[in-house]
Amino acid sequence: MDNLDKKIYQEINTNIEIPTMLETKIKEVLNNNNIENKKSYKPWTKIATTACATVIMTAGIVYAGATVYEKIWKEPTKIIGIVSDNITEEDLKGTISEIEAKDKADEILRKFGYTNEKIKTMRLEKDGDDIVWHIETNNKLSVSFDAKGGEGLCLFSDDILFKDIHNYRTTREEAEKTARKLCEKYGYNIDAYNYVETYFNMDTEEESYIWYVNFSKKPDNLVDRYNQISIAFVPEIDELRYFIVTEGKYENNPIYITEEQAKETALTEEQKTNINYKIKETNAELGIAAMNTDAYARTIDYQQYCKQSKMDYLEKNYVVYHTDERIRKVWKVTIEYDIPMEEIFLEDSFNMNDLGYTYYIDATTGEVIGGESPEINIKAEYKNGNLVEIPTEEK
Amino acid sequence: MEELIKKAQEGDKEAFTDLILQFKDDLYKIAKSRLKEDEDVYDAIQETIMIAFQSISKLKQIKSFKAWLIKILINESNNIYRKKKKIISLNELEQEEGIKDTKIEYAETKLDFNFFCNNLKYEDRIIVLLYYMEQFTDAEIGKILNIKENTVKTKRTRAKQEIKNKMKGT
């Protein structure tokens, strides 16, 4: 053990205040007291916030044969600091009334067989630019739905976790069948959702007693996670843990941009970050993505983009951008940099954002309409005193 | 503690709650290293308690209770983190290395909880916390995080070098 180890051991437990509320929160779990459902699952696909106040109108157009496609990306609005979650008069426009919301909630509870549930609380909540009705019942059921009449739905049962459920088992194959059966029972036609993912709550199937199945649409063989039904349940008794319906307006735009054009656009955009490493590879695949401002924020001010990823970065200093909500067919172009292992693992100045980035290039207009941090996993180990990357097959 | 675990395995909720309270500080710190908001930390811990209580009768090795509990907590924390992650939200990006613009001498830098949260990415941070704060071995950490022991060693080496360099402010 060296001096640094000693220093870490001595100081790591300092300067953290444990909130007094924690003990209360722990005690209430198994006492069957009501737990406020703070979950914020988003059944609707308004991932990008709405209403960009256009600063510059782009008048560009894209020609594709005889058809003219107008460019869709507009200069985003910039906001400093986190947007408030207070509901304004403007937000309330177009929302259904409390009476209508109660009727809808009652209908949902009936549809899902919760005939004995009584609504305990109802409130409007703001989630980004979405307004939702959030309802809680006397038996720890929560239901959320779009306050403006959309079909998205989020139903959660915390009560099930208090029951003696840990002995119920099933297999992956049976879990999918059960999930299908339950969706149909609740009036959802699963036929259109032909991409299925299944997982479970414990480390292994054999130990698990809560199963999760996601059904996504797959237009033109592209997985559309913005149009999805997600169900979590306890097998054998077929009781729900949650049921989430996400419905997005996928525009199914045509492909007029080639893979090579998309890559070129992404590479040109990436140059703005002035990351000086050599590029290892650039890959592209078609996908469905929601427009966002992540790529815009990254290239317009890369230093700020990295700074505000820190946990203690002051919210009042955040720089946030707003854009329209559009779900489009895109080329997802991933740029990965070629960086020596020693630099990744041992260099102080190395920034994980430099590993690479995935751009969304609109498949019709060729514009950069968003992006995300890619899943680039690099693992290394010491062999003969040198740090070497573990090849992909062994990861 | 062994007594409490045995009682909890027989369904004694009070015993299980007392058991959890013994680890509340550790649970808070582990969850907080992943989740920024205290409300999310409470959610992660409450979910962990419910799952752990229902599964504790299956726990074979009583001495590995803490590691088992923390593993569930890390999974639940990650679940909440992923569910809250928004594509365009800049404040949901992974923790990255910060930009140091002041030079601080080695002996003066306090290597407290906040230092690690601000200066290490999550993957490295959780390993440092589990090793130095919870005093798990590399093998135990590997089991908790579902990664190879060698990978734990490598990341710990990297993290320690990073800490050293951060302290020098280069």
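The values are calculated or read from the model by the stated rules, or taken from the named source; none is laboratory data. Just so it is clear, the structure is predicted and the values come from calculations on it, not from any experiment. As a convention, Cβ positions derive from the backbone with ideal geometry for all residues, glycine included, and neighbour counts pool all protein chains shown. Only protein heavy atoms, including side chains, enter the accessible area calculation; ligands, DNA and RNA are left aside. Shrake-Rupley method; radii C 1.70, N 1.55, O 1.52, S 1.80 Å.
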Whole-Hz couplings from phi, Karplus 6.51/-1.76/1.60, listed for segment A:353-358; x for Gly and Pro:
4, 6, 4, x, 7, 10
Summed buried accessible area for B+A [probe radius 1.4 Å, Å², rounded to 100]:
7600
Relative contact order for segment B:1-85: what percent, with Cα pairs under 8 Å and sequence separation of 6 or more?
34
Let a ≥ b ≥ c be the square roots of the eigenvalues of the Cα gyration tensor of segment B:1-85; is it rounded (a/c under 1.5), or, if not, prolate (a/b larger than b/c) or oblate?
prolate
Give the shape of segment A:218-328 as rounded, prolate or oblate, defined through the alpha-carbon gyration tensor: a ≥ b ≥ c are the square roots of its eigenvalues, a/c under 1.5 means rounded, and otherwise the shape is prolate if a/b is larger than b/c and oblate if not.
oblate
Could you give the size of the charge dipole of segment B:1-85 about its Cα centre, using +1 on the Cβ of each K and R and -1 on the Cβ of each D and E, expressed in debye and rounded to the nearest 20?
540
Please give the average number of partner chain Cβ atoms lying within 10 Å of the Cβ of each residue in A:282-291, rounded to a whole number.
1
Expressed as a whole number of Å, what is the distance separating the alpha-carbon centroids of segment A:177-246 and segment B:123-162?
34
Other protein chain Cβ atoms within 10 Å, averaged over every residue that makes up B:110-117
6
Compactness relative to 2.2 N^0.38 Å, alpha carbon Rg of segment A:140-184:
1.54
Radius 9 Å from Cβ of A:Glu251, net charge of other residues (Lys, Arg +1; Asp, Glu -1)
+4
What distance in nm separates the simple spin-label points at A:Lys185 and A:Asp2, each placed 7 Å from Cα in the Cβ direction?
6.1
If you wrap a convex hull around the Cα atoms of segment A:89-246, how much volume per residue is inside, in Å³?
131
So who's got an amide H within less than 5 Å of the one on A:Lys280, skipping anything under 5 residues away but keeping other chains? H placed 1.01 Å off N, in plane.
A:Glu336, A:Tyr337, A:Asp338
